[in-house]
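Below: one structure, written as structure tokens.
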Amino acid sequence: QVQLVESGGGLVQPGGSLRLSCAASGSIFSAYRMGWYRQAPGKQRELVALIFSSGGTNFADSVKGRFTISRDTAKNTVYLQMNNLKPEDTAVYYCQAARNGYTYWGQGTQVSVSS
């Protein structure tokens, strides 16, 4: 069992930055593939970024070059650094942990990009 708690969302102007955090507890954090997903109103949840237990990463085309994902194993935390934010990045952002066919989700944190 894994518990995930996101934080760091908020309102930011276009071109601004935010860093989301996802604190994990309850299992061996380093063995999990961690990811960030987002869901905008009226749209399906979509992948934003993944970080694998090997340290490899994967990003949606829409955020490449603007977002980075990292993990701090000592703190059991995964981060999503979001730069040059655009209005279309507005969504609820969810943290996910996955391993061996099991997936766990956090409660989500709202990110709003508006002038």
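The values are calculated or read from the model by the stated rules, or taken from the named source; none is laboratory data. What you see is a predicted model; the values in this text were computed from it and never measured. FYI the Cβ positions are ideal-geometry reconstructions off the backbone, even for glycines, and counts take in every protein chain you see. Heavy atoms of the whole protein, side chains included, go into the accessibility calculation; ligands, DNA and RNA do not. Shrake-Rupley method; radii C 1.70, N 1.55, O 1.52, S 1.80 Å.
Tabulated results
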item: Contacts under 6 angstrom Cβ, first residue in the range 76-101 being closer than 17 Å to Gln39 by Cα, partner open to solvent by 70 Å² or more (accessible area, probe 1.4 Å) and among the aromatic types (Phe, Trp, Tyr), 6 or more apart; result: Tyr94/Trp105; Gln96/Trp105
item: Sole residue being touching a residue at least 12 places away in the same chain (Cβ under 8 Å), surrounded by 16 or more Cβ atoms within 10 Å (Cβ to Cβ) and within 15 Å of the chain's Cα centre (by Cα), chosen from Ala40, Ala23; result: Ala23
item: Number of the condition not met by Glu88 [criteria: (1) touching a strand residue (DSSP E or B) at 6+ places or on another chain (Cβ under 7 Å); (2) open to solvent by 30 Å² or more (accessible area, probe 1.4 Å)]; result: (1)
item: Enumeration of residues in the range 48-70 that are open to solvent by 50 Å² or more (accessible area, probe 1.4 Å) and at pLDDT below 95; result: Phe52, Ser53, Ser54
